[in-house]
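Below: the structure, in structure tokens.
The values are calculated or read from the model by the stated rules, or taken from the named source; none is laboratory data. Predicted model, so just to flag it, every value in this text is computed and none were measured. Backbone-built Cβ (ideal geometry, glycine too); neighbour counts: all protein chains shown.
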Amino acid sequence: MRVSLFVASLAFLIIGSLWSIGAEANTPLPKDIQLIGSATEQDSSIYVEGIGGLFIKEPFGHFQATLEVEQYPIGADKNPAFEMVIPHAIRTNKVRFVSHDGVVHVTEIRLFESGLPEYPDIMNPEKSSVAPPNLAANATVTASSNFDGREPTRAVDGKISFDSRWFSSGQVPHYLTIELDKEKTIGCIQMVSGYFKGDFWASTAKEFEFQYWDDGDWKTIPGVKRGGSAGGLSVGILDSTGSIFSIDHDNEGPTWKTSIKRGDFEETDSFTSKINIVEGERNVIETLAFGDTVYFYLNSHAITHLSGDFQGADAIGIASNSPDSILKITDVQTEEIDEATCTLLADAEIFIDGQKLDFSFDPLRSHQQIQLKESGLKEISISLRPGVPDQRILINGKTQTKARIRPDRKHAVTFEVTTIAPDGKTSRSYRFDVLPVPPYDDYELVFSDEFDGDELDLQEWDYRTGKRWESLSLPESISLQDGNLRIKLSVEDGVQKVGGIISKQEFGYGYYETRAKLWKHEGWHSAFWQMGTARNNLINEIDGFESVSPDSFSTNLQYYMPRMILGAQEHKASVAEKFHTIAWEWTPTHMRFFLEGELIREEAYPPPHGLQNVWLSCVAHPNASLEDLPGEILFDYFRYYRKPYGDEIPEGAIVIDQSSPQYVETGTWEFSDNAISHLHKRGVRLSSTPGSTATWSTTLPNSGTYEVFAWNPYVFSDGVLMQYDFVVSHENGTSKASFNPMTSGQIWVSLGQYQFSSDENAKVTLSVQQPLPIRGDAVMFVPR
């Protein structure tokens, strides 16, 4: 059986609606949706041309729209193969690859002329029946950077191998330019990115596009920013605002995982029917877009990091950010599209001192936060309008549609909102936290260095030493001067000299802040960041800022275990003209970045998380400007604030972990090296065999009430697991408890409070219900 995954876009967004799926279906999907542009079927692929890009026609019977989608076999890192057939061929003498990934590995790029009936297989061109000339093979190739001697010419040498790839440095954006000897008509681009690690491809390109040189300017090649066509994928290209993909695969073939990434949309009148629901048998993924952000949901959980990976092919959907549209999802496990209903629950607005807040609700996220940008505010109010007659709306437990609360300078102000449908059967509850200017909400300063005095405190800091890129980090480049940490930038005897400091202390969740002034010329990579220095904490990297430019900096997030880069994001600021306060907040589930106290970026950041060292540093980027040297980077201070996050062990707690003789396994378990234990070290137990169990037991010192906790050693690559299932044995029998490991964070998660007798064993059992990765480490009993 062949299954066609689909992506849908409607052009009517209802901003800020709170809604839920009704139990009954009474809104049929119309069959008269008109094709926009033209479409042809070629070898099971759909090629669409024209503006808009929405259609539903047999034999496929599914929507398609502008969105970045990729698919690859489970167990692979990413699909390395990319192909773009350009519907309207372009004539140019230069094509360039542009990427905003943290680093880029490009193994091969090929260019072919237009008008050819067939192009070679991407991964195995030597096995193809056709061999058209590869225009890139004899071209001049240049790049914005390269790392470890991996020159850009390797990306056009005709080889697909580990040693034949261009490897960029870490500063974005990246450019690889292919210049032909004369103008040619380009009709197809192929690329292989990443490198093969024996059984999967790693570090494939994610955020990229291709551009061409036209009349003295670079222009985006219309139609694609990401895609794949190897391994049984059928790819269609839209020559307008984005890419269209009709993705087909055979259920009898390998198991597939689908990755949906945030899409770029433009306003379009491509669809005019007033449809606001498309739904299959019980919705699995639910998607809405507000403003410039597109959210993807799985079982009502918002996945807001750059890419959300979903197991299987249950359902896919997206709404555009055009005005007045709303989209629901179709289940694609069945051939027929079923009917559905949608109940609008409420529209909501929040006002700060009478000014309407520029805030978009996330209807499927039950706990949302609003970051204030200034202190001294007098009043916060919320106003809700019923979506349909006879709805009940409760704010903080009272039936009301408006409420006012005075802000708190230190703590979050909370609204709890419940909307109840007229029939009383459908309801949703929401919590909105309005956060003061950071650091807020019980944060306490636990470490600071104001860099006063004459010498660096070597009890707290180590010097960064050694060569990196084009420069040498030396202790003599570091000094304290006028209350600032000063990093001297110089060139002596042809050697570029820089420096940096690394904290001896390792830090975890909390709020990190510095005030810095950077150098006024290009190419000096200054950074305030976190990364471990030993095996147990070389887990992830957080870049509060890194900059090679006097007028911008980037924030970045990545993991080293398993390897994944969430992506760099550039922010404009005159970082060399004056001091700027730059900070980040790291929580068990999210990252938030701040400039001058204002939130500039937020990302979901699931585990694993290792305790990290803090780095204040500068290195010379390739092609760094040597003008006006010696130069300097100045840091006014470093401060770290912390509050309780639930990853601590309280006084009086009893902990039983995997090393205890009171820990017993049944079935199949193994050691997992890429998850973090409650001791903040690598290594927990792992099983994916249904029926396997792990049991922690102990005799408690006193009878009484204890709260039971389990450590959550989740790893983001496990996918979206629904829950960990436990049974707690206590004085009154047994009780079931569970939690969602993806949304809970790497902390102690409560399983509830129970009565225990000191005469009997207290016992907690974790069971594997499905063939999915389940991890266990420790349980904790806390007397109450």
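Below, the figures for the structure above:
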read-out	value
Residues (within 18 Å of residue 662 (Cβ to Cβ) and small (Gly, Ala, Ser)) located in segment 729-766	729, 757, 758, 762
Per-region count, segment 702-722, residues among the hydroxyl-bearing types (Ser, Thr, Tyr), buried (at least 16 other Cβ atoms within 10 Å of the Cβ) and outside any helix (DSSP H, G or I)	2
Answer from 502, 539 - the residue that is touching a residue at least 40 places away in the same chain (Cβ under 8 Å), crowded, with 21+ Cβ neighbours inside 10 Å and not hydroxyl-bearing (Ser, Thr, Tyr)	539
Positions within segment 747-774 being modelled with pLDDT under 95 and either outside any strand (DSSP E or B) or not assigned by TED's automatic domain parsing to the domain that holds residue 669 (or both), in sequence order	757, 758, 759, 760, 761, 768, 769, 770, 771, 772, 773
Residue in segment 701-713 that is of a type outside the set (A, V, I, L, M), touching a helix residue (DSSP H, G or I) at 6+ places or on another chain (Cβ under 6 Å) and touching a residue at least 12 places away in the same chain (Cβ under 8 Å) present	yes
Qualifying residue in segment 516-535 (condition: surrounded by fewer than 19 Cβ atoms within 10 Å (Cβ to Cβ), touching an Asp or Glu at 6+ places or on another chain (Cβ under 8 Å) and farther than 29 Å from residue 625 by Cβ)	yes
Residue in segment 656-665 that is in a loop (DSSP other than H, G, I, E, B), in contact (Cβ under 8 Å) with a residue 40 or more places away in the chain, farther than 30 Å from residue 524 by Cβ and not assigned by TED's automatic domain parsing to the domain that holds residue 726 present	no
Looking only at segment 105-146, and only at residues there that are in a loop (DSSP other than H, G, I, E, B) and touching a Gly at 6+ places or on another chain (Cβ under 8 Å), the one that is modelled with the highest pLDDT	134
Residue identified as within 30 Å of residue 773 (Cα to Cα) and at pLDDT 90 or above among 637, 645	645
Test: residue in segment 464-471 that is exposed (fewer than 12 other Cβ atoms within 10 Å of the Cβ), assigned to a strand (DSSP E or B) and either modelled with pLDDT under 90 or not assigned by TED's automatic domain parsing to the domain that holds residue 517 (or both)	yes
When residues of segment 723-746 are limited to those that are under 19 Å from the mean Cα position of the chain (by Cα) and part of a loop (DSSP other than H, G, I, E, B), the one surrounded by the most Cβ atoms within 10 Å (Cβ to Cβ)	746
Near pairs, Cβ below 8 angstrom, 6+ apart or cross-chain, from segment 445-459 (farther than 19 Å from residue 641 by Cα) to any residue that is outside any strand (DSSP E or B)	452/483; 459/504
Members of segment 605-624 found to be in contact with a helix residue (DSSP H, G or I) (Cβ under 9 Å, 6 or more places away or on another chain), outside any loop (DSSP other than H, G, I, E, B) and of a type outside the set (S, T, N, Q), listed by number	618
